[in-house]
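The structure under discussion appears below in the form of structure tokens.
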């Protein structure tokens with residue numbers, strides 16, 4: 001009987017650990033999505049990139065939420081973009097144009113077709 005109770009506790013503990021691991025993974029995925037949406041929206045308006053169907057779906061889903069997840073982190077990202085684009089010395093450094101270009105390149109590297117954070121959210125605009 002003692003052995004059954006012991007094994008039952010082990011199974012319960014394993015279940016709790018698995019559930020907490022899944023919750024942490026879900027939280028990380030939600031954070032990654034929130035940051036991707038924020039950066040992609042800013043890159044679209046500031047750099048002139050086009051967004052893909054996948055990005056539009058993420059942005060639509062994000063707008064439909066009742067609360068804005070990770071609002072503080074999103075505000076930091078938005079502030080970085082705004083201050084760099086406004087050529088504030090603490091953000092853009094000595095060369096404002098180079099800082100803007102660097103920000104756009106970084107966004108494309110992270111969210112473009114071969115994105116290192118989330119693939120396929122941005123695409124370059126090709127004019128003929």
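Quick rundown of the values:
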item	result
The one condition in (1) surrounded by 12 or more Cβ atoms within 10 Å (Cβ to Cβ); (2) at pLDDT 90 or above that residue 34 fails to fulfil	(2)
In segment 59-70, residue surrounded by the fewest Cβ atoms within 10 Å (Cβ to Cβ) [restricted to those that are at pLDDT below 85 and under 12 Å from the mean Cα position of the chain (by Cα)]	69
Candidates 48, 93, filtered to the one that is in contact (Cβ under 8 Å) with a residue 12 or more places away in the chain, more than 22 Å from residue 34 (Cβ to Cβ) and surrounded by fewer than 18 Cβ atoms within 10 Å (Cβ to Cβ)	48
Residue ranges of helices (runs of 4 or more DSSP H) in segment 28-101 with at least 2 members closer than 17 Å to residue 113 by Cα and touching a helix residue (DSSP H, G or I) at 6+ places or on another chain (Cβ under 9 Å)	53-63
Residues of segment 105-116 satisfying the condition of being in a loop (DSSP other than H, G, I, E, B) and surrounded by 14 or more Cβ atoms within 10 Å (Cβ to Cβ)	112, 115
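The values are calculated or read from the model by the stated rules, or taken from the named source; none is laboratory data. Keep in mind it's a predicted model, so treat the numbers as computed, not measured. Neighbour counts are summed over all protein chains in view; Cβ atoms, including those assigned to glycine, are modelled from backbone coordinates with ideal geometry.
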